[in-house]
1. In segment 160-188, how many residues are in contact with a Gly (Cβ under 7 Å, 6 or more places away or on another chain) and open to solvent by less than 10 Å² (accessible area, probe 1.4 Å)?
2. So which residues in segment 132-145 are open to solvent by 20 Å² or more (accessible area, probe 1.4 Å), modelled with pLDDT of 95 or more and in contact with a strand residue (DSSP E or B) (Cβ under 8 Å, 6 or more places away or on another chain), if there are any at all?
3. Six or more apart or on different chains, Cβ under 6 Å: which pairs go from a residue in segment 319-335 that's without any contact (Cβ under 8 Å) to a residue 24 or more places away in the chain and farther than 19 Å from Asn152 by Cβ to one that's among the polar types (S, T, N, Q) and surrounded by 15 or more Cβ atoms within 10 Å (Cβ to Cβ)? Could you list them?
4. If I ask for residues that are touching a Leu at 6+ places or on another chain (Cβ under 9 Å), in contact (Cβ under 8 Å) with a residue 40 or more places away in the chain and not acidic (Asp, Glu), which ones from segment 65-91 would you list?
5. Could you list all residues from segment 88-101 that are open to solvent by 40 Å² or more (accessible area, probe 1.4 Å), closer than 22 Å to Tyr72 by Cβ and not polar (S, T, N, Q)?
6. Would you say Tyr153 is touching a residue at least 40 places away in the same chain (Cβ under 8 Å), crowded, with 24+ Cβ neighbours inside 10 Å and over 30 Å from Asn186 (Cβ atoms)?
7. Considering only residues that are small (Gly, Ala, Ser) and at negative phi, which ones fall in segment 312-352?
8. Return only the number of the condition from (1) hydrophobic (A, V, I, L, M, F, W, C); (2) buried (at least 19 other Cβ atoms within 10 Å of the Cβ); (3) touching a strand residue (DSSP E or B) at 6+ places or on another chain (Cβ under 7 Å) that Ala219 does not satisfy.
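The values are calculated or read from the model by the stated rules, or taken from the named source; none is laboratory data. Just so it is clear, the structure is predicted and the values come from calculations on it, not from any experiment. Here Cβ is always computed from backbone atoms with ideal geometry, including for glycine, and neighbour counts include all displayed protein chains. The area values use the complete protein model at the heavy-atom level, side chains included, leaving out ligands, DNA and RNA. Shrake-Rupley method; radii C 1.70, N 1.55, O 1.52, S 1.80 Å.
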Amino acid sequence: MRRHFSDLEDDILEFQRATDGKKVNRRAFMAGLAALGLSPLTVTLTPAHAQEPDLVLANWGGDSIKAMQIAYVQPFLAANPNESVKMDSSGPTNGKIKAMVDAKRVSWDLCDRAFPSSLELGPAGLLEEVDYSIVDKNKTLPGFAGRWGVANYSFANVLTYQAKAFGGRTPTTWADFWNLKDFPGNRTLRRHIDSTLEAALLADGVAPDKLYPMDVKRAFSKVREIKDHVTFWSNHADSYKLMHDGETTMGCLAHTRAVLLRRDTGGTVDFTFNQGIFWVSNWIVPKGNPGGARVWKLISATLEPAAQIELLKQTGNGPVNPAALSLITPELAAVNPSSPDNIKLMVIADSEWYAKNSATVLNQFIDTVLS
């Protein structure tokens, strides 16, 4: 006799009750079906009964895979045993996100991106709006709970230097970085405009509170002044190696790499937060993400103080939840970019300027300065 779908639903619910909702092996499953008088061929599991898809967290690979697993994913899964999270470390570029959404083949649920990405992709209809009925705005730094993105951690690009290279003198400003007479040697800058233009303008005497909107031509000109003495790096591993191996005397590096260099060289390579450029990364959710609204619960969990502090321990990336700052040890506070004593020394990158200008200005930088 043909069974109605409602009967199958009842039978499946009965099977769930009999197994107490636990996973069972194939043999036990077949035996359970037989006890209900069902043939496996008569049962089709609809999406309502199928296991929900993994939540997929996209980041940039390297040490951040293990770090986010420890700080974010493991505590979330412990509190939510019915969930599953997978990491994708291929790098969630704006271009990849746009291509996924346009093709309606989105495979990522949450993406780790610098804050300007939310201001660029969101208005184009490529991102979900943050559900602040689940995510608490008060668990982020003021100004970084946006319509399409919410802050997840902070970082900085800082002046890094060989401590024994300058006869007892210590560089502390970008003007010192550009001063080849008193601080000789090769430099290294990122092959990008992020923080490079700010450093150039600060070296040229622009006041920190007058940096934005940036005078691009002036910044380009300043970089050209020392171009012949600069090795431009494209990935963070290269920036570390250039300083670690002594190929460069100064560099503009991510503070996380600078912290590692200080540790690994016993202080031979050091850095300062003074005139550093402070950035905030954020979670963004591509439009039509496969995990749907479940993603907001995961994002909310990453903003808990314990998760934020653990990420600081693992990578050096700073907490954005103000409640975490009072729980940090003095040792961690010293290398945390979002600690009050450090952030007051730095310039906060203007996310809106970058969202509007980054693509165009970067192309100009590559074509007219680096070529």
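1. Going through segment 160-188 one residue at a time, the tally reaches 3.
2. The answer is Tyr132, Lys137, Phe144, Ala145.
3. The qualifying pairs are Ala333/Ser339.
4. Ala67, Met68, Ile70, Ala71, Tyr72, Phe76, Asn80, Val85
5. The answer is Asp88, Lys96.
6. Criteria met by Tyr153.
7. The answer is Gly318, Ala323, Ala324, Ser326, Ala333, Ala334, Ser338, Ser339, Ala349, Ser351.
8. Ala219 satisfies all of (1) hydrophobic (A, V, I, L, M, F, W, C); (2) buried (at least 19 other Cβ atoms within 10 Å of the Cβ); (3) touching a strand residue (DSSP E or B) at 6+ places or on another chain (Cβ under 7 Å) except (3).
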